[in-house]
Every structure is written in structure tokens, then in C-alpha cells.
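*Asks:* Got a structure for you, written out below as C-alpha cells; questions coming shortly.
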Amino acid sequence: MSARFRIQLVTATTTAALAAAFTPFTPAALAAETSEFTVSNVTDFHGYWEETKYVPGAAHLKCAVDKAAEGKTHVFTSAGDNIGASPFASKLLNDAPTLDILNLMNLQVSALGNHELDEGADEFSDSVTKAADFDYLAANAKTVKNTKDYVVKDLDGAKVAFVGTITDDMPNLVNPKSIEGITWNDPVATTNELAEKLKSSGEADVVIALVHEGGIKADEFSDAVDVAFLGHSHQSIEPAGEKPLLIQAGSNGTNLANVDLSFDRASKKLTVKNAELLDADTIRACDTPQPEIDAVVKDALDKAGTEGKKVIGHTDADLYRAGDKESQLNNYIAEATRQGVTKNSSVTADIGVMNAGGVRAELEAGDVSYEQAFSVQPFGGENTYVELKGSDVVQALEEQWRDDPDRPMFPLGISDNVSYTYDPAAPVGSKITSVTVDGAPIDPEKTYVVAGSTFLLAGGDNFKAFTKGSEPANLGYVDLNALVEALSGGQQQRTSQSNVGVHLPAPLTAGKEATIELSSLLFDKGERATTATASLGDASGSSSISPNNGDMTANEYGTATVKLTVPAGLSGTQELRITTDAGTEVTVPVEVAPAAGQAEPSKPAPNKPEPNKPAVGNGSSSGNLGWVIPVAIAGAFGLANLVALLFPFAVDGVLGPIAKR
């Protein structure tokens, strides 16, 4: 059985008090039995070695790492994504400057990240691992060549194992064909199994996990895991938990995690003496000169500078991105993709889509250089198209919502000619209530040409509905080219929301006041809308928009509650129109119950599937057809009586002989 022990957070003062309490042992004796060491960690560095307004840069980061290591036994580690999705200069040079810089920073061990495999498993194994002076770990993907499951290092007399794993969602994160034949096992289960073996065999005294996956809770790990450094989700998570200590160092070198550990080799007790997560300002404040780092940065910028500084276009307004809600830049790229595929293929694209995770930087208003455009879409992916039925397009929009409390929404950018509504209170899989394409309701049976990246249309980010149509066409059309064409061609930014949340807390009844709860009315940056209006028939109501999400998902940012009196003469299916003063305009079909004493109109049965209507308190549009059969029967009897009354002799001549048989 592995030794299980409790991690304690102890201040320097407490440590001194404890040392004084055990007078029988001399300091030298205590030191002989105690191992002291420090582990530093970054994650999702992505080649951000140049200092910018938001990023400290590699020189400051190395200074901070060196400071953490002063006078200590020290190991510098990474939780993956050191390269890939990189800024222009690094990507243009195949991330060679990034690997050179990490070698200079004495990075010793790293988990494998998904972006290390952007160019495929073979390219990583043949090129990246040869340029790296550090070990890449991928215990849950054993068939990735030139990686290890773990390494054990002697740190001041303690046997410390580093176990590295990668997210098991890889087929949804890179081109599936480039990683064919690799099995991706659960990273936490793999870590736990290895940790137990390492401890029980005596191969390791301490186990530190480097996990390229986010959203993991401390209680998911085995007691055999002592410290877990997470990655992948770009979150900054302060040190927390006792077993294991859990910490995540953000992204792009804007955080540095440092953990000081003390291991009593006699009692097998591990103590966390200090754990910290440095922020970007603290890292930037470390300014010891780093001439070797500066030389690599300068050389890389010189090589990439001429091409990167060329102005390729212009934007009249700031274009912002967001990973958990609708954003201007995500929509802009979706529209650029629709227009670009139309201009560079034999088809006319009806709809353009873009995944938020593929948008890596923002654009400020003004002239845009090639380098800036590249930073937005640095993957070197390709755009293509598929043919999909309208019902599959609706399903793809439904797939934005997930049963995942850590990330309930994966927002899609959508082209300017598409808008839709959804009910935020409806269950996952049944939220979409209307979709409009080019001003007309989407036809579930019609075939639409949908343009997007090969990654997304192949089912990336778990958008499986995009795979239900034709095979993606092989256009060889680089996604960055579409963005450059849009910026150089003067494509304007969509200021309106593509989607609006509409919830009716109670059924609509003619002549009565209605409450309409609206959400997803604002972008979180660069917003212009202040007022939302709902219109039904000749009635309308307006309300100010509140900059919050009403305790719903981040995508619901921008809420308003509008009240209006439903016109007395309305009943049946009606069109509810939602607008804002920033140009948002969506429509959604709603059911209106007739006023008391007013006959309810007959409703033809739909002959094809439609998106869901907004859920209401206790209302139902499916249980109101029970009157049809009895009315039809009654009508038949009434007609027979009328015929008999008008033509008595003819009826008797026909039916009389039958009745007498």
C-alpha cells in the first residue's frame, strides 16, 4: 500500500516554532532527514515570449523563475501547450524560438498539450521533441513517440515523480486524421493509477501531476497524488486543497506557480511550506536583465518583422473575442468565412460558422497588420463547406449548450444573415425556438451550404451535427486568408446580437398583460445597446437593458424584462419581435390563448419539424387538439339531419329500402 499523508500549509513562523519544540534533535539532524525543494510551473505558454501590454514576456518570466529558485533545489515544469496557437513571429518560425527560450529557462519536464499536436503526431515526435531539452510526458497516450509516462528526480534526497497527462478530448481538438491510431485514456484515472504504483513500489516518495486538462476537482485525485498542476482551460486557479494541492497558472506566461515543499524522509510526511500564484504585474516587476533571452527574441522578431508589419486591412471599430459568450470578432470571422468560401469555390455559402476557441486575439480599431491578423487565427487551418439539412443546422446550434457546470456554453460565431432565439430555461437539447436565414425561417428539409473551418465541420469541439451532411470539400483555402480578405475588403462589423434568449414565465392570453424575459442582449465589451423592445401585433413594450446575466450562463449577458398588453383580438400562433437600439432584431413564434368568450381558431397540423417554441409556465400547445374529433363527429350528424330535412323524399328513396332489409 502507498504511504498516505496529509499536506499542511505552514508559514515560516510556524516552521520555526515547530523546530524549537523538538529540542532533542539538532538542526543538523533534522536537515539530514528533511528534503527541501521548490517546483515552479507555467502552462499554455503558446509562444508568448514577446512583452506586450498584456503579456510580461519571456525575459521577465525567466527572472521570476530564477528568483523562485534562488538558494533552493528547484525544478521548472509546464502543464503543456508550450507551442502552437502562437503569435505571428513564433508561428512563422515553426515555434523554434519558443523552444529555444524554454531551453534557456531550464524547463525540465512538461506535459504534452493538445497544441503540441497541431501539425500532427509525427511532426511533434520527429521535430519538436528533438528541439526540446526537456522531457515531454503523456502517460495516457502511450503510442505518441518520444514521450514518457513519468520521470523521477532526486530532489534534495527525496524521490519526486512527475506524471504527465493530456486531455482525452483530442479527436475534438485537432484534425483527427493527424492523430490516427492513438488511444486517449482518462488523464485523472491514469495519473491515479501510476501514482499508486510509484508510491507502493517505493520508486517515488512524492508524486506531482502535470495534467493538461482543466475543470478537475481535488477530490478526483488519489491520495497518492500530492500536487496537481492543471492546464488547458487557461484559467488562473489559486493554490487550494490539502490532498492534492491544486493550482493552475493561467496562460501566455501571465502567471507563475511556485510551491515550496518539505519532505520528512523518516515519517514520509510532506509539508507545503508556501504556495503562490504570481500575476502578470508581479512577473513584469522582476527586471533582472536576461541577455540570452533578449537575443533570441530580437533575432526572431527581425526575421519575422518585415512580413508581419505589412498593413493588410482596416477595421473601423474594436473587434473583441470571448470564449463563453457571443462576441463581435467570432461573428466577424463567421461572416468572412461565408463570403470567402463563396468567392473561392464553386458554391454560394448560405451560412458561416466559427468556434470561439479558434479566435486567439483581439483587433483594435485602425489599420491591421499581417502579424495582428495572424495572431487572431494562428493555427494555419483551412476553410471548407458542407451541405446540411436545416434541421441539422438547428441541431448544431443546440449543441452550443452542454451538461457541464464548468463550461455550459460553447458559443458559435454566426454569419450576419443568420439570427436565432432560444429559451434559456429549457433543457439542454431543446433550447432553440426560432432560426432565421436571410430574413426567412429556416426550412428543416432544405439543404443549406454551411461554411466553416475543417476542424469545426469535422465535428471539432463536439459539434457532431456538422458531420451529418456531405463530406467537407477539399478547398485548400487557409482560414487566415479569409480574415485578410475581409479586412482588406472593408467588411463591416455586425453590431447586433445574432441570438437572443426569450422566456415566457406564463402563457400569453389576449387582452392580458404579458411578461417577457429577455437575455443575451449585450456584448461584454464594445456594446452600444441600451434599450430592448418587444412587439406583438400592434402592442409593444420597452425596457432598459441591465449589464448582467441574471445568474444564468455567461452568454445571457444583457437582460431585460419587458411588459406589454396582448391585443384583445389575437389568438393562435403569433410572431413576437425583439429589437434593440443597436440593431438587434429577432422573431420567435408564440402561442396566444384567446380572450374569455373568444373562439379559438382552428390550427392546421404542421407538415414538417420546427424549432421549439419558448417554454411558458403551464402553457401547452400540444394538448389543444382534443376538440377536433368530437366537433367533426357532431358536424357530420348535423349535416345528415340538414339533408334529411331539405330532401325528405330523396333520402327515403335511398335509405328506406336499406332500413327495411
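*Asks:* Which cross-chain or sequence-distant (5 or more) residues have an amide H under 5 Å from the amide H of Trp401, H modelled 1.01 Å from N in plane?
*Replies:* Phe410
*Asks:* Sticking with this structure for a sec: Mind checking which aspartates and glutamates have their Cα closer than 19 Å to the Cα of Lys159? Skip sequence neighbours fewer than 8 apart in that chain.
*Replies:* Within the straight-line limit of under 19 Å, Lys159 reaches these aspartates and glutamates: Glu33, Glu36, Asp135, Asp149, Glu193, Glu196, Glu203, Asp205, Asp223, Asp226, Asp260, Asp264.
*Asks:* If you don't mind, there's one more thing I want to ask. Could you run the Karplus curve 6.51 cos²θ - 1.76 cosθ + 1.60 with θ = phi - 60° over the stretch 279-289 and give me ³J(HN,Hα) per residue in whole Hz, x for Gly and Pro?
*Replies:* Once rounded to whole Hz, the list reads 8, 4, 5, 5, 5, 5, 6, 7, 10, 4, x.
*Asks:* Mind checking the per residue accessible area of the chain for me, 1.4 Å probe, whole number of Å²? Show your work: numbers first, answer last.
*Replies:* Values: 28940 Å² over 661 residues.
So the chain comes to 44 Å² accessible per residue, rounded to a whole number.
*Asks:* Can you work out the FRET efficiency for the pair Glu292 and Asn344, with r the C-beta to C-beta distance and R0 = 45 Å, to the nearest 0.05? Don't jump to the answer; show the numbers that get you there.
*Replies:* Values: r = 44 Å, r/R0 = 0.98.
With R0 = 45 Å, the Cβ-Cβ based efficiency is 0.55.
*Asks:* Could you run the Karplus curve 6.51 cos²θ - 1.76 cosθ + 1.60 with θ = phi - 60° over the stretch 537-554 and give me ³J(HN,Hα) per residue in whole Hz, x for Gly and Pro?
*Replies:* x, 9, 9, 8, x, 10, 7, 5, 8, 8, x, 8, 10, x, 6, 9, 6, 4
*Asks:* Something else about it: Using unit Cβ charges (K, R positive; D, E negative) and no other charged atoms, how large, in debye to the nearest 20, is the dipole of the stretch 170-242 about its Cα centre? If you can, show how the numbers build up before the last one.
*Replies:* On the way: 4 positive and 13 negative charges, 71 e Å.
The dipole magnitude comes to about 340 debye.
*Asks:* Give me the net charge of Gly340's neighbourhood, meaning all other residues with Cβ under 9 Å from the Cβ of Gly340; Lys, Arg count +1, Asp, Glu -1. Can you show the working numbers first?
*Replies:* Details: positive: Arg338, Lys343; negative: Asp479, Glu485.
So the surrounding residues net to 0.
*Asks:* Something else about it: From the backbone phi of the stretch 494-510, what are the Karplus-calculated ³J(HN,Hα) couplings (6.51 cos²θ - 1.76 cosθ + 1.60, θ = phi - 60°) in whole Hz, Gly and Pro given as x?
*Replies:* 6, 8, 8, 6, 7, 9, 9, x, 10, 10, 10, x, 8, x, 8, 10, 4
*Asks:* Now for a separate question. Quick one: which of Lys446/Lys563; Lys177/Lys343; Lys53/Lys91; Lys142/Lys199; Lys148/Lys309 span more than 30 angstrom between C-alpha atoms?
*Replies:* Details: Lys446/Lys563 36 Å; Lys177/Lys343 27 Å; Lys53/Lys91 20 Å; Lys142/Lys199 21 Å; Lys148/Lys309 40 Å.
Among Lys446/Lys563; Lys177/Lys343; Lys53/Lys91; Lys142/Lys199; Lys148/Lys309, the Cα-Cα distance tops 30 Å for Lys446/Lys563; Lys148/Lys309.
*Asks:* Determine the relative contact order of the chain: mean sequence separation of Cα pairs under 8 Å and six or more apart, normalised by residue count, in whole percent. Please list the in-between numbers first.
*Replies:* Working: 1574 pairs, mean separation 75.8, N = 661.
Computed value for the chain: 11 percent relative contact order.
*Asks:* Continuing with this model, one more query. Using a 1.4 Å probe on the protein heavy atoms, what percent of the accessible area of the chain belongs to carbon and sulfur? Intermediate values should be presented prior to the final figure.
*Replies:* Details: 15040 of 28940 Å².
Ligands and nucleic acids excluded, carbon and sulfur reach 52 percent.
*Asks:* What FRET efficiency would be calculated for the residue pair Lys309, Ala240, taking the C-beta separation as r and a Förster radius of 45 Å, to the nearest 0.05?
*Replies:* Numbers: r = 44 Å, r/R0 = 0.97.
Taking R0 as 45 Å, the efficiency between Lys309 and Ala240 is 0.55.
*Asks:* Helix-only estimate, please: 222 nm mean residue ellipticity of the chain, summing -39500 (n - 2.57) across DSSP H runs of length 4 or more and dividing by its residues, to the nearest 500.
*Replies:* Numbers: 15 runs with 159 residues, N = 661.
Result for the chain: -7000 deg cm²/dmol, rounded to the nearest 500.
*Asks:* Could you give the nm distance between label points at Lys464 and Glu220, where each point is 7 Å from its Cα heading toward the beta carbon?
*Replies:* So the label points at Lys464 and Glu220 sit 2.0 nm apart.
*Asks:* Below 12 Å, Cα to Cα, which aspartates and glutamates can Lys67 reach? Residues fewer than 8 away in the same chain don't count.
*Replies:* Partners within reach: Asp287.
*Asks:* In degrees, nearest 10, range 0 to 90: what is the angle between the Cα axis of helix 187-200 and the longest Cα principal axis of the chain?
*Replies:* Between helix and principal axis, roughly 30 degrees.
The values are calculated or read from the model by the stated rules, or taken from the named source; none is laboratory data. Bear in mind the structure is a predicted one, so any value in this text is a computation, not a measurement. All Cβ positions, glycine included, derive from the backbone under ideal geometry; neighbour counts span all protein chains shown. What goes into the accessible areas is simple: the full protein's heavy atoms, side chains included, and nothing from ligands, DNA or RNA. Shrake-Rupley method; radii C 1.70, N 1.55, O 1.52, S 1.80 Å.
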